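Any read-out appearing in this document is the output of simple, stated calculations on the displayed coordinates, not a laboratory observation. Since we're looking at a predicted model, the values are computed, not measured. Cβ: placed from backbone, ideal geometry, glycine included. Neighbour counts: every protein chain shown.
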Amino acid sequence: MKTNKLISFLLALTLIGSFAVFALGSGESTTTDQGTGSANSAESADSSSSALGDYAVEIKSCRLAKDFEGKDVVIVTYGYTNNSENPTSFFVALDDAVFQNGVGLNEAYVLNDSANYSSDNQMKEIKTGASLDVEVAYELNDTTTDIEVEVKELISFNDSIVKKTFSITQ
């Protein structure tokens, strides 16, 4: 009985150790900065896309809006392309984050009707080679400080990040 527990413990320890070595990988990091745009512009100055694993993402633009309580939010538009073998949604494939003064912003869920906001595309699965524009809204801390948008692959063993900074102007 004790032998079986010891063997199970050693096997589990070996598996965990193997995964840790595999997860460390090469330690390479790739960062893409897509330039600076304005929160009121429909298009940014540099809208090149970048590959993140089996996906491509483009941080296209952002615009100011209000949530249902009248608080300021920013809606970021991403271009998402699925290059994986399986239908996958933006929400499942990528991890998006927006920062203001180095602090992460919370997503906004219920916006004022005048915002013309559609969060539906975040969850839509798209087939291999298909592209889709995705909007995500975030609660702003203020309307004067730049925002930094970052996207990375949700599950990955490398540190590739696509970044873009937007100036908030009213």
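The residues of segment 133-155 that are of a type outside the set (Asp, Glu) and surrounded by fewer than 17 Cβ atoms within 10 Å (Cβ to Cβ), listed by number, are 141, 143, 144, 145, 154, 155. If the condition is being in a loop (DSSP other than H, G, I, E, B) and β-branched (Val, Ile, Thr), then segment 103-118 contributes only 110. Checking each residue of segment 83-102 against the condition of being in a strand (DSSP E or B), among the charged types (D, E, K, R) and over 21 Å from residue 168 (Cβ atoms) gives at least one match. Among the residues of segment 119-149, just one is outside any loop (DSSP other than H, G, I, E, B), in contact with an Asp or Glu (Cβ under 7 Å, 6 or more places away or on another chain) and free of Cβ contacts under 8 Å to residues at least 60 places away in the same chain, namely 121. Regarding residue 156, is this residue assigned to a loop (DSSP other than H, G, I, E, B) and either among the acidic types (Asp, Glu) or in contact (Cβ under 8 Å) with a residue 40 or more places away in the chain (or both)? Answer is yes for this residue.
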